[in-house]
1. In the chain, what % of DSSP beta bridges are antiparallel (nearest 5)?
2. Work out the FRET efficiency for VAL265 and THR150 from their Cβ-Cβ distance, taking R0 = 35 Å, and round it to the nearest 0.05.
3. Could you sort the peptides 11-19, 271-279, 252-260, 73-81 by per-residue average Cβ neighbour count (10 Å cutoff), highest mean leading?
4. Among rounded, prolate and oblate, which fits the chain when a ≥ b ≥ c are the square roots of the eigenvalues of its C-alpha gyration tensor, a/c under 1.5 means rounded, and a/b larger than b/c means prolate?
5. Where the Cα atoms of segment 200-308 are projected onto their three principal axes, how long is each span, largest first, in whole Å?
6. Provide the packing ranking of 240-248, 23-31, i.e. peptides ordered by the mean count of other C-beta atoms within 10 Å per residue, highest first.
Amino acid sequence: MPATNADRTPAPLDARLDDTAIAELLAGLPADLAATTAERARPAIRFATRRCGPDSAPGASRFGGDPDLPADLAWPTWVNPLDKGGEPRPLGFFAQIDLATVAGGTDLPLPSDGLLSFFCDFATGGGHGGILGLYQHEHEGCRVRHLPATTPARRAAPPAAHSVPEALLLPILVTTFPEPDPATWTDGDHDEGYAGWDEVERRYERLLAAAVPEGWALAGRHQLGGHARSIQHPVEEEVLQAAAGVSRAGRAFDHERWAAIRHRVADWRLLLQLDSDSHLGYLWGDAGTLYWMARQDSIAAADWSAAWFNFQCS
């Protein structure tokens, strides 16, 4: 069955908040927290999803299935250095984003066209069979590719590669906010701060859900750019710790090195996060989230080899 217009990436919906709407949304927070949260707002792209088959249009923004790749591009593989004598393992394909449909919608210096495709050798059980993104040696188990604005052909994944159900993506322009840091609150702010922040999240999610057209679902926080939503420690910290060798498999956490480089956390940006999603049947561990991260300067230089993967779950 040939692809139809409905199988192509739709034009983005606009659910961004102006200054007045941000102030109204954050009005229930303590005043200092509301002010700092508003100042640090970042634009991003959220994605609603719709299940589709393998005949969706080439180059459309999609989760899962098989990627669109140039015929001369080798499928990404890696060898886990801890698996002595191991064979190359194919990375799983998780998503491709049609950059022309989201140009200017994030805080990232992304190319204005082509596909940005996301791969990794992900395994929620860890071990030598896949990565969790906690250690430096796992870096090559993650890959981000920018493909030129051509019409690449659908490429069947190798049998050993992890695969997920296929879904089309509807981009939504949104405003994202940093997660609150309770360590900066005064004692009297904690109860009000937590309750207020939960209400902020719920109100904006209701607004976004109401904007999604019939046939599409907003069942997970799938997001390009903006502020990441961490589940455990801030994902920017975990990625920096892995990239700098602060955390190493089988070794103690290097507190001295961490103290010396912690200021570099601000250099890291979210490329893409994929949530567990009941609508699509995605479940990453215990309702976890997959993250692809990179430094701002690496993104500006289109150095996709510098991207890192991280997994968190509750």
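Coordinate-derived values only; no laboratory data. This structure is a prediction, so every number in the text was calculated from the model and none was measured. So basically every Cβ, Gly included, is an ideal-geometry build from the backbone, and we count neighbours across all protein chains shown.
1. Numbers: 48 of 51 bridges.
For the chain, the DSSP antiparallel bridge percentage is about 95.
2. Values: r = 37 Å, r/R0 = 1.05.
According to the calculation, E is roughly 0.40.
3. Details: 11-19: 14.1, 271-279: 20.7, 252-260: 11.0, 73-81: 16.0.
Going from most to least packed, we get 271-279, 73-81, 11-19, 252-260.
4. Details: a/c = 1.84, a/b = 1.14, b/c = 1.61.
In terms of gyration-tensor shape, oblate.
5. That gives 51, 33, 28 Å along the principal axes, largest extent first.
6. 240-248, 23-31
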